[in-house]
Amino acid sequence: MAKVPTILISNDDGFHAPGMRAMRQALEGLGRLIVCCPDSEQSATSHALTLHRPLRIAKVEEDCYTVDGTPTDSVLLGINHILKGEKPDLVMSGINAGPNIGDDIGYSGTVAAALEGTVYGVPSVAVSLASHDFKNFSAAGQVARESAQWVLANGLPRDVTLNVNIPAIEPSQIRGRRVTIQGKRHFEDIVQEKLDPRGRRYYWIGGSVVFPEQEPNTDITAIAEGYVSITPIRIELTAHDVLEHVRSLAGEE
């Protein structure tokens, strides 16, 4: 008899987020689903670990747990405590409400949860719906399920995570899927300075998104043109093409 796959699900929006509900529904029947995710929204926490205070795990229902920490904490505890160190067959993170494309990837808690799975040698996928306001998760759920099925059947290289983004349009309008590279985007007027009611200054990080001209095969271009973006990303960050350039810094010829 074939082994039933174990799928660890996490996110950065918390257990009660619509995207978590959509992810669980999408993966039903693919294996044993174990949820371990933050107990509150942890957007833009990147790959942060909680090291200076204890963490608490709450059991919400059978095979569903929340952690009062980050997405990375959740996957780490899911693998090392809840699953007792027995690696799952797959980590699925999301479905995030909002895009994780371009420079967002470095900040994303959704992507970081998947990367943590990859750190432990588990094939991992981050799934995001490219809007904070669009409420129809059906296409994103279908893409999540297809992605999970594909990875369970085909695997991934040891240090590769899939970052999948779905355009925020009706399912019938999605034009297809593209394998993409990471694009570039940044924010203008990133720091907003204001005064509180007592006249004290405070600062709010945010701003308007600016999209420089993109290469045609980026995640940003794919989403803008109505395609699902599938970007393989690596944990290994060495700039191999620059090694020769910096050898003199180490006194090497």
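The values are calculated or read from the model by the stated rules, or taken from the named source; none is laboratory data. Treat the numbers as computed from the prediction; the structure is a model and nothing was measured. Here the Cβ is made from the backbone with ideal geometry for all residues, glycine too, and neighbour counts use every protein chain on show. Ligands, DNA and RNA are stripped out before the accessible areas are found, and what is left, the full protein with its side chains, is counted by its heavy atoms. Shrake-Rupley method; radii C 1.70, N 1.55, O 1.52, S 1.80 Å.
Each semi-axis of the equivalent ellipsoid for region 153-253 is √(5λ) with λ an eigenvalue of the Cα gyration tensor; in descending order they amount to 32, 29, 14 Å. When only Cα pairs below 8 angstrom with a gap of at least 6 residues are kept, the chain shows a relative contact order of 17 percent. The orientation-averaged projection of the convex hull spanning the C-alpha atoms of the chain amounts to 18.6 square nanometres. Label-to-label distance for Ala44 and Glu193 is 1.9 nm, based on points extended 7 Å past Cα in the beta-carbon direction.
Between Tyr107 and Gln142, the contour length at 0.36 nm per residue exceeds the alpha carbon distance by 10.1 nm. Average 1/r across all pairs of distinct alpha carbons in region 78-191, invert it, and you get the Kirkwood radius: 15.0 Å. Accessible surface for the chain, divided over its residues, is 54 Å² per residue with a 1.4 Å probe.
In terms of the ratio Rg/(2.2 N^0.38 Å) built on C-alpha atoms, what value belongs to region 112-172?
So the Cα radius of gyration is 1.20 times the expected 2.2 N^0.38 Å.
Run the accessible area of the chain with a 1.4 Å probe and give the carbon-and-sulfur part as a rounded percent. Of the solvent-accessible surface of the chain, carbon and sulfur hold 53 percent.
Model label sites at Val60 and His16, defined 7 Å from Cα along the beta-carbon direction, differ in position by 1.0 nm.
For region 1-134, the percent of C-alpha pairs falling in each 5 Å distance bin, counted from 0 to the bin holding the largest distance, reads 2, 12, 24, 26, 20, 11, 4, 1, 0, 0. For a straight C-alpha distance cut-off of 27 angstrom, the lysines reachable from Lys184 (same-chain residues fewer than eight places away being disregarded) are Lys135. Take every pair of alpha-carbon atoms less than 8 Å apart whose residues are at least six positions apart; their mean separation over the length of region 5-140 yields a relative contact order of 29 percent.
Within region 216-242, find all residues whose amide N lies under 16 Å from a label point positioned 7 Å from the Cα of Ser131 along Cα-to-beta-carbon. Taking a point 7 Å out along Cα→Cβ of Ser131, the residues of region 216-242 whose backbone N falls under 16 Å are 223-229. Simple spin-label estimate for Tyr202 and Asn154 gives 4.8 nm between the two label positions (7 Å along the Cα-to-Cβ direction from each Cα).
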